Amino acid sequence: MSDDAVSREQLDSLQNNAKQAADLIRKTVENGEFIHVVSHLDADGLAAAGIIGKALARLGAVFRIRIERWLDEKVASSIAADKPALTVFADFGSGNLDVLNSQLADNRLIILDHHQFTEEPSPTFVHVNPHLHGIDGSRDLSGAGVAYFMAKALDKANVDLAPIAVVGALGDRQDKYASRTLGGANRIIVEDAETTGGLKTETDLLFFGRETRPIHKALAYTTVPFIPDISGQEDRSVAFLASIGITPKKGDKWRALRDLSEEEKKKLCSALADHLASKGLSGNVALNLIGRVYMLTHEEPWTPLRDAREFSVLLNSTGRIGRASLGVAICMGDRGVALEEANKVLGEYRRTITKYLSWLTEEPGRIEELNSIYVVHGEGIIDDKMIGTISSILSTNLPKLEKPLIAYSAVQGEEFAKFSARTLDPVVKKGLNLGDILKIAGEKYSGRGGGHNIAAGAQVPIKNVDAFIKLVDELVKKQLEGKPLEG
Ligand code: C5P
Ligand code: C5P
Ligand code: ZN
């Protein structure tokens, strides 16, 4: 068994767990009862919602999908007030079992999630989570992946939804195995997608639109990794290519990345590495330029849906710009007008990212280095829905990659701040668990927090922001020294 594989026992146990959820859904649909689906706002959450929505539509279910930024007492109480026959949570729920147990204990509830958890669910809940089966939910299966296993248990025909689960996993940056591949239980999904002809993979430059898009656009449109002065800046991207002698056209036709010779590709990579180094960024980022590309074969090559990573960015954009239902519709197969609209949203999202990043780097102090972490002060400027995206990008774009970062911004119209924390694999391997740290620090300061070891979030009252940051800085130091977090 290779080290990225999941064992037969683990897989069987996960599939049995997913089948419990599928059985309850089938029974509910047979009774003609209404189903509420509640999912998370990011790419993985929207992909999960799309998979569940499509599977329910195929069953002829009556249902509604609702997308939320997080799951808290407010969301739980509005669900309780609706009294649905069945509620399905996707991509959150496991980390909020305390809230669900106290407000929805008597309800029929399914949780399809991959977050860490510490509480036991009420006996009326069906809880499906890879961590229950010894599978690492932060890298080996996403929320969309859990939704996919449920959909497959419901009906084998739903294997055609596997590519959407691949999009979800990539949205959560689970491509953590060699050459940026997906592994663990995600590998089973990739195999399903390949077998049914919906997915093709290849190792190449990871820039978006590498099959058809003019090279300067491919460079400028890519946000992961984010290359300062090139990402989001087409004109500078043209100048950069000219400066290294890569001709953008052959005759009167634009060349795409796949038209470059091996030698030109090498030249491009080393020039980008030099460019990154000149910005004070380490080679680690440069190494991220080549890896496994996941192509959705049923999508047109010139659309942002062709490359699964770009698809995930598009989903993220719809969620973060307040148009989540567009993202869900696209995952359920809607194209035409929905895709046209989503394309516009994607453009706006890219411009917003570029704007925020230049604002943050323009003035010293907006990114502050403490003893053990970086703090990104986005208050007043960065929209709270964009904080997660900005911190994901910055996690590979800071001078000291061994230091985790937390970014925050005030939530509009509310009295609290939204925090997003990120780190990288080598730091997790040293024992850091941001999910645990943000949970402890969030609860200590009258808020809430949680997530994965590598990526976590919290909501904290504004008056406690400074104290919260100070505690996170201390807890990171403590945990990296191998000391227990509490006590
Ligand atoms: O709620 P969920 O698990 O879907 O969200 C995980 C979030 O953390 C995603 O927004 C994903 O992009 C981010 N992430 C990250 N770096 C990682 C892993 C996850 O930025 N290495
Ligand atoms: O919001 P953000 O993208 O920073 O969240 C990172 C991860 O932490 C996500 O998986 C999110 O679901 C999780 N999270 C959580 N509890 C919170 C806030 C975020 O589990 N209170
Ligand atoms: Zn997720």
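The values are calculated or read from the model by the stated rules, or taken from the named source; none is laboratory data. This structure is a prediction, so every number in the text was calculated from the model and none was measured. All Cβ positions, even for glycine, are placed from backbone atoms using ideal geometry, and neighbour counts span all protein chains on display.
A few remarks follow.
- Annotation note: Cβ proximity below 8 Å between a residue of the range 166-186 that is outside any helix (DSSP H, G or I) and surrounded by fewer than 20 Cβ atoms within 10 Å (Cβ to Cβ) and a residue that is at pLDDT below 95 and not charged (D, E, K, R) (sequence gap 6+ or interchain) occurs for T181/G291.
- Residue in the range 29-68 that is surrounded by the fewest Cβ atoms within 10 Å (Cβ to Cβ), counting only those that are under 16 Å from the mean Cα position of the chain (by Cα) and assigned to a loop (DSSP other than H, G, I, E, B): L41
- Some residue of the range 75-86 being modelled with pLDDT of 95 or more, assigned to a strand (DSSP E or B) and more than 16 Å from ligand 1 (Cβ to nearest atom): yes
- Which listed residue is farther than 21 Å from S13 by Cα and within 16 Å of ligand 3 (Cβ to nearest atom), from I135, I164: I164
- Yes/no for L326 being closer than 25 Å to A220 by Cα and not assigned by TED's automatic domain parsing to the domain that holds G457: yes
- Test: residue in the range 47-62 that is over 14 Å from I110 (Cβ atoms), within 16 Å of ligand 2 (Cβ to nearest atom) and not acidic (D, E): yes
- Restricting attention to the range 439-480, the residues that are under 18 Å from P404 (Cα atoms) and either assigned to a helix (DSSP H, G or I) or not assigned by TED's automatic domain parsing to the domain that holds Y374 (or both) add up to 20.
- Scanning the range 425-451 for residues that are crowded, with 18+ Cβ neighbours inside 10 Å, over 11 Å from L471 (Cα atoms) and not β-branched (V, I, T) gives L432, N433, L434, G435, D436, K439, G447, R448, G449, G450, G451.
- Scan of the range 56-78 for residues that are touching a strand residue (DSSP E or B) at 6+ places or on another chain (Cβ under 7 Å) and farther than 21 Å from G322 by Cβ, ordered by number: L56, A61, V62, F63
- The combined condition, being among the aromatic types (F, W, Y), within 18 Å of the chain's Cα centre (by Cα) and either surrounded by 14 or more Cβ atoms within 10 Å (Cβ to Cβ) or not assigned by TED's automatic domain parsing to the domain that holds I387 (or both), is fulfilled by F419.
- Close pairs (6 angstrom Cβ cut-off, 6 or more residues apart or separate chains): farther than 12 Å from L109 by Cα in the range 32-43, more than 16 Å from ligand 1 (Cβ to nearest atom) and assigned to a loop (DSSP other than H, G, I, E, B) anywhere: E33/A85; F34/P84; F34/A85
- All positions within the range 193-218 that are part of a helix (DSSP H, G or I) and crowded, with 22+ Cβ neighbours inside 10 Å: A193, I215, H216, A218
- All of R309, R323 fail the test of being among the basic types (K, R) and in contact (Cβ under 8 Å) with a residue 24 or more places away in the chain, apart from R309.
- Only one of the listed residues (V146, V128) is within 16 Å of ligand 3 (Cβ to nearest atom), touching a residue at least 24 places away in the same chain (Cβ under 8 Å), over 18 Å from the mean Cα position of the chain (by Cα) and crowded, with 24+ Cβ neighbours inside 10 Å. That residue is V128.
- Residues within the range 69-102 that are in contact with an Asp or Glu (Cβ under 7 Å, 6 or more places away or on another chain) and either among the hydroxyl-bearing types (S, T, Y) or surrounded by fewer than 18 Cβ atoms within 10 Å (Cβ to Cβ) (or both), tallied: 4
- Where helices (runs of 4 or more DSSP H) fall entirely within the range 234-319, those with at least 3 residues that are small (G, A, S) are at 234-243, 262-278.
- Single residue of the range 402-461 satisfying the filter (in contact with a His (Cβ under 8 Å, 6 or more places away or on another chain) and within 16 Å of ligand 3 (Cβ to nearest atom)) that is farthest from E73 (Cα to Cα): L434
- Residues in the range 357-380 that are part of a loop (DSSP other than H, G, I, E, B), under 24 Å from the mean Cα position of the chain (by Cα) and farther than 24 Å from K478 by Cβ: 2 in all.
- In the set (1) within 16 Å of ligand 2 (Cβ to nearest atom); (2) more than 20 Å from H298 (Cα to Cα), the condition left unmet by E120 is number (1).
- The single condition from (1) over 29 Å from D4 (Cα atoms); (2) away from ligand 2 (no atom under 16 Å from the Cβ); (3) in contact with a strand residue (DSSP E or B) (Cβ under 9 Å, 6 or more places away or on another chain); (4) not in a loop (DSSP other than H, G, I, E, B) that L100 fails is (2).
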